[in-house]
Amino acid sequence: MEPILTQDGTPTLFHPVYGEAYHPRQGALLQARRLYLEKTLTHLHPAPRVLEVGLGLLVNFRVTLESALRRGVRLRYLAVEREPLPPELLAKARLPLSRAEEVFEELLRGWPGERFSGPWGELRVVFGDVRDAPLPRGWATAVYLDPFSPRVNPEPWSLSVLQRLRGALRLGGRLATYSAQRAFRLALKEAGFALHRVPGVGKREWTVGIAAKVPRG
Ligand SMILES: C[S@@+](CC[C@H](N)C(=O)[O-])C[C@H]1O[C@@H](n2cnc3c(N)ncnc32)[C@H](O)[C@@H]1O
């Protein structure tokens, strides 16, 4: 795989097995900022704790880190990734984010690693499948649900995974994702989220789920 540019000039990859790109053609950085960072209100949170499904090229991580660094808040970020990308490939996928890229340089020296920390905060990575990854309970202020689409990569969108993600979120925490698939949205409600349809960029709707109810079971 080799990085290719999306329309905002930031990189993505095309995965030959899933037959999909890691980001929408309208912009990798654009989606990270407008959907994951802003729709979860992480750009306003004084002590953000993000749980991400699918770390990929770390675009969402770097955009979130840049926001935290500029605001002077510490970021705690936990990601689950089944297929980590090699550091040589990540090194070719640079973003126009001066502060976060400095930290990214440091991370690449130890990549793939399970824990990175510094004055900026902490990144922990669970290498494995989200279906059985250990997740903290009531910890996250935001969940970034960013696997490939439900059509080609159905497992992370299942009710059982969504229930586990709900359990990892604090009450009032927000899950954001680009998918507006009907079966996924029904499962999201069933898992204990209040469903919000939000206008997307490059697609009609994105999905936000607010952890508004006490989880079942
Ligand atoms: C769309 S890409 C993520 C892009 C990434 N969020 C970024 O900011 O660059 C999807 C990622 O989900 C991962 N993934 C797919 N199924 C998974 C699963 N069951 N458990 C954990 N990770 C999974 C893939 O390996 C891939 O890296």
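When the helices of the chain are scored as -39500 (n - 2.57) per DSSP H run of n ≥ 4 and the total is divided over every residue, the value at 222 nm lands at -6500 deg cm²/dmol. Principal semi-axes of the equivalent ellipsoid, √(5λ) from the alpha carbon gyration tensor of the range 4-211, are 23, 19, 17 Å from largest down.
Magnitude of the charge dipole for the range 141-217, about its Cα centre and with charges confined to Cβ atoms of Lys, Arg (+1) and Asp, Glu (-1), is about 220 debye.
Among Leu75, Leu97, Leu169, which one shows the biggest mean-square fluctuation in a GNM of the chain, springs joining Cα atoms closer than 10 Å? Result for the chain, Cα springs under 10 Å: Leu97 fluctuates most.
Ranking Ala100, Ala211, Leu135 by how far each Cα lies toward the positive end of the dipole of the chain (charges on Cβ) leaves Ala211 at the top. Taking a Cβ cut-off of under 15 Å around Pro16, the surrounding Lys, Arg, Asp and Glu residues balance to a net charge of -3, with basic ones at +1 and acidic ones at -1. Ranking of Arg115, Arg185 by neighbouring Cβ atoms within 10 Å, starting from the fewest: Arg115, Arg185.
If you run the Gaussian network model on the chain, springs between alpha carbon atoms under 10 Å, then out of Arg166, Arg70, Arg137 the most flexible one is Arg70.
Convex hull volume of the C-alpha atoms in the range 1-99, normalised per residue: 99 Å³.
Sorted fewest first by neighbouring Cβ atoms within 10 angstrom, Tyr36, Tyr22, Tyr178 come out as Tyr178, Tyr22, Tyr36.
The Cα center of the range 90-143 and the Cα center of the range 157-173 differ in position by 20 Å.
Please give me the summed charge of the neighbours of Pro96: other residues whose Cβ is under 12 Å from its Cβ, Lys and Arg +1, Asp and Glu -1. Summing Lys/Arg as +1 and Asp/Glu as -1 gives +1.
Provide Val50, Val130 in ascending order of the number of other Cβ atoms located within 10 Å of each residue's Cβ, fewest first.
Val130, Val50
Using the Kirkwood radius over Cα pairs, work out the Stokes-Einstein diffusion coefficient for the range 1-57 at 37 °C and 0.692 mPa s, in µm²/s as a whole number. Answer from the Stokes-Einstein relation: 263 µm²/s. Which residue, Gly192, Gly110, Gly56, tops the fluctuation ranking in a GNM of the chain built on C-alpha contacts under 10 Å? Most flexible of the set in this elastic network: Gly110.
For the range 4-211, the share of DSSP beta bridges that are antiparallel, to the nearest 5, is 50%.
Bear in mind these aren't lab numbers, they're just calculated from the coordinates by the rules spelled out. Being a predicted model, the structure only gives us computed values, none of them experimental. Ideal geometry is used to build each Cβ from the backbone, glycine not excepted, and the neighbour counts take in all protein chains shown.
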